[in-house]
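Below is one structure, written out as structure tokens; comments come after it.
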Amino acid sequence: RTRDTRYDMCVPLLLLHTASGFAVRAAAGRSAAAPLRAVAAQASEYQSLLGDAKAALIDACTVADMGRIAEFRPSVLEAIEQIEPLNPTPKPLEAPDLLTGCWRLIYTTSDSILGTTRPRPFRPRYKRILQSIDARQLAAKNEEWVLLGLLKNMVRARLTPRDDGRTVDVQFLRFGIGWLRIPAPAAAKGVL
């Protein structure tokens, strides 16, 4: 994906694989061993490519400091483009059990999520930005800890799938700062 000024991109890193995409059928009267070995070799090569692509993406996210260092964002986008064709689930919304969960954010282009313009004590702690996604209920929640981990901020959102099966419109519903809860304005929207 490319950066669009209207949207902020988050990469919760849904890096999953299943080998169920490989199937073999032996020709009548022939041994299935040779085709099975070929499929196993193909699966092994795929696993190796996928593992290398995952490692490259995670390394790029680390070097970019979760997206805080803007000049490294293009290398993250390049790593994303390298891994996307290897995704065994091209339409993640059609596999909600794989997407649903609590994810630790390792990269985003959203300066508001990273808190780059906030005073240092109010910036989220490293490795403490979480995104919970419930793909069946089409709901999300972001949480971050600030002030040395003493204060938790959060936002709840409703998700609306787009026609591509890969992205969703986000309507923020409620913001939380510590114990304080604030309804989100109708204009608080985004895309994941």
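Taking residue 134 and the conditions (1) under 15 Å from the mean Cα position of the chain (by Cα); (2) more than 25 Å from residue 146 (Cβ to Cβ); (3) in contact (Cβ under 8 Å) with a residue 12 or more places away in the chain, which numbered condition does it fall short on, given that it satisfies the others?
Against the list (1) under 15 Å from the mean Cα position of the chain (by Cα); (2) more than 25 Å from residue 146 (Cβ to Cβ); (3) in contact (Cβ under 8 Å) with a residue 12 or more places away in the chain, residue 134 comes up short only on (2).
What are the residue pairs meeting all of these: first residue in the stretch 99-123, first residue surrounded by 17 or more Cβ atoms within 10 Å (Cβ to Cβ), second residue of a type in the set (Lys, Arg), Cβ atoms under 7 Å, and 6 or more apart or on different chains?
As it stands, the answer is 109/3; 109/73; 114/68; 115/123, since those pairs meet every condition given.
For the stretch 125-172, give me every one of the strands (runs of 3 or more DSSP E) that falls completely inside it and has 2 or more residues that are open to solvent by 30 Å² or more (accessible area, probe 1.4 Å) and hydrophobic (A, V, I, L, M, F, W, C). If you could, list the steps in order and put the result at the bottom.
Values: elements: 129-134, 139-146, 151-161.
By residue number, 139-146.
State all residues of the stretch 137-155 that are under 21 Å from residue 104 (Cβ atoms) and touching a residue at least 24 places away in the same chain (Cβ under 8 Å); if no residue qualifies, say none.
140, 142, 144, 146, 147, 148, 149, 151, 152, 153, 155
Can you tell me which residue in the stretch 44-90 is most open to solvent (accessible area, probe 1.4 Å), limited to those that are in contact with a Lys or Arg (Cβ under 8 Å, 6 or more places away or on another chain) and over 22 Å from residue 111 (Cβ atoms)?
So, considering only residues that are in contact with a Lys or Arg (Cβ under 8 Å, 6 or more places away or on another chain) and over 22 Å from residue 111 (Cβ atoms), the one most open to solvent (accessible area, probe 1.4 Å) is 90.
The values are calculated or read from the model by the stated rules, or taken from the named source; none is laboratory data. These figures come from a predicted structure and were not determined experimentally. Please note: Cβ atoms are built from the backbone with ideal geometry, for glycine as well, and neighbour counts cover all protein chains shown. These accessible areas exclude ligands, DNA and RNA; they are computed on the full protein's heavy atoms, side chains included. Shrake-Rupley method; radii C 1.70, N 1.55, O 1.52, S 1.80 Å.
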